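Below: one structure, written as structure tokens.
The values are calculated or read from the model by the stated rules, or taken from the named source; none is laboratory data. Just so we're clear, the structure is a prediction, and the values are computed from it rather than from any experiment. No Cβ is skipped: glycine too gets one built from the backbone with ideal geometry, and neighbour counts run over all protein chains shown. SASA here: full protein model, heavy atoms, side chains in, ligands and nucleic acids out. Shrake-Rupley method; radii C 1.70, N 1.55, O 1.52, S 1.80 Å.
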Amino acid sequence: MSTTVVGSPKAEARKVSLPAAIARLTSLDVFRGITIAAMILVNNSGDGRHTYWPLEHAAWNGWTPTDLIFPFFLFIVGMSMVFSFGGRTARGDSRRTLLLHALRRSAIIFALGIFLYAYPRFDWHTARIPGVLQRIAVVYLLTSLLVLYTGRVTRAIVTAVLLIGYWLLLTRVPVPSFGAGVLTMDGNLAGYLDRRLIYNHLWIAHRFDPEGMLSTIPAIATCLLGVFTGEWMRSARDSTRKMAGLFAGSAAGLIAGEIWNLWFPINKMLWTSSYVLFTAGLAMFLFGVCYWAIDVRGWRRWGVPFLIFGVNPLAIYFLASFVEKALYVHTVGGESLKNIIYERFFQPTFSDPYLASLAWSVSFVLVFFVVAWLFYRKQVYIRV
């Protein structure tokens with residue numbers, strides 16, 4: 001992990017060597033920031049029993065706004081990779097250098113994810129191994145390999161194989177005691193393999209993990225769809241054609257996802273192929289709106305708070321997740337710090353328990369907006 005302060009010799013050298021035209025899209029940073037802010041919002045409910053439905057995951061099949069956030073982030077990872085690799089290549093980095101960078105970055109992100117789940121006991125016998133950061137790390141590394149060493153046609157074929165192959169695995173391969181195509185939490189193939197291989201290290205102990213091993217396969221396809229979108233946006237086409245392509249791709253993804261949903265339900269927990277197409281379609285649409293508003297129309301002021309989140313995404317996400325965990329596990333008089341703060345300040349202030357829970361979530365976002373703003377104001381960018 002490195003910290004770059006703009007204005008330092010290192011940062012100035014980078015600014016000189018990296019062409020501004022391909023450095024980044026402001027709309028992409030804003031879209032990333034919206035996603036990070038939403039991640040923090042939905043991950044920090046004040047009271048899990050009183051949470052408005054849009055801030056909760058779907059129980060199983062179907063989706064809520066919360067179920068869109070993680071695939072949006074992986075989609076953005078794919079888009080960002082195109083601009084990052086393109087910029088580094090332009091200043092002379094070799095494929096080997098980029099691969100080593102991807103390996104290092106993935107290892108750090110994976111280790112940070114393990115740390116979050118193991119803290120503070122570090123009981124390696126039961127600590128959760130899969131997780132959000134771990135999936136980001138694995139997907140980023142494997143997608144990097146495909147971007148660096150294959151062409152667009154090959155990547156398109158790989159994307160189709162990942163989606164169709166995953167569908168066939170989950171619907172055709174029988175699971176002991178359940179048979180084939182039983183897509184319940186206990187009867188699906190992804191959960192069965194996780195129980196066989198990482199039994200003690202699952203999100204729902206000994207039962208299921210939404211970031212499990214097999215369901216990482218279609219998550220790679222989510223990132224690859226982001227790569228294709230990034231390549232489209234980095235092309236020499238004018239803004240009108242770029243927007244037309246974004247909205248056409250969005251419509252195709254939404255329609256294909258809904259059609260596939262008839263046979264392979266949209267399901268975030270299983271990261272089904274229909275879910276990949278549907279969420280990629282929505283990501284293209286929302287990014288298209290950001291691109292039109294910010295980079296085409298020049299309406300930038302509304303996006304500044306999200307831009308502040310978006311330029312230090314992993315650092316802010318990690319810090320927010322760590323503080324959430326620390327408040328939960330550390331106690332005073334046998335009661336967690338979170339409960340003490342929540343019950344003494346938030347519950348008495350709001351008579352409606354749902355509003356109290358939402359106020360806690362919003363407060364968490366605001367606290368880490370201040371942290372992100374301090375980084376942004378000092379022009380400190382923490383790179384992994």
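Would a scan of the range 197-213 turn up a residue that is in contact with a helix residue (DSSP H, G or I) (Cβ under 7 Å, 6 or more places away or on another chain), under 17 Å from residue 286 (Cβ atoms) and buried (at least 21 other Cβ atoms within 10 Å of the Cβ)?
No: zero hits.
Quick one: in the range 226-246, of everything that is open to solvent by 60 Å² or more (accessible area, probe 1.4 Å) and of a type outside the set (A, V, I, L, M, F, W, C), which residue is nearest to the chain's Cα centre (by Cα)?
234
Name the single residue that is most open to solvent (accessible area, probe 1.4 Å) among those in the range 50-107 being among the aromatic types (Phe, Trp, Tyr) and within 20 Å of residue 284 (Cβ to Cβ).
In this case the residue turns out to be 63.
Scan the range 247-267 for residues that are surrounded by 18 or more Cβ atoms within 10 Å (Cβ to Cβ) and either in contact with a His (Cβ under 9 Å, 6 or more places away or on another chain) or aliphatic (A, V, I, L, M) (or both) and report the count.
3
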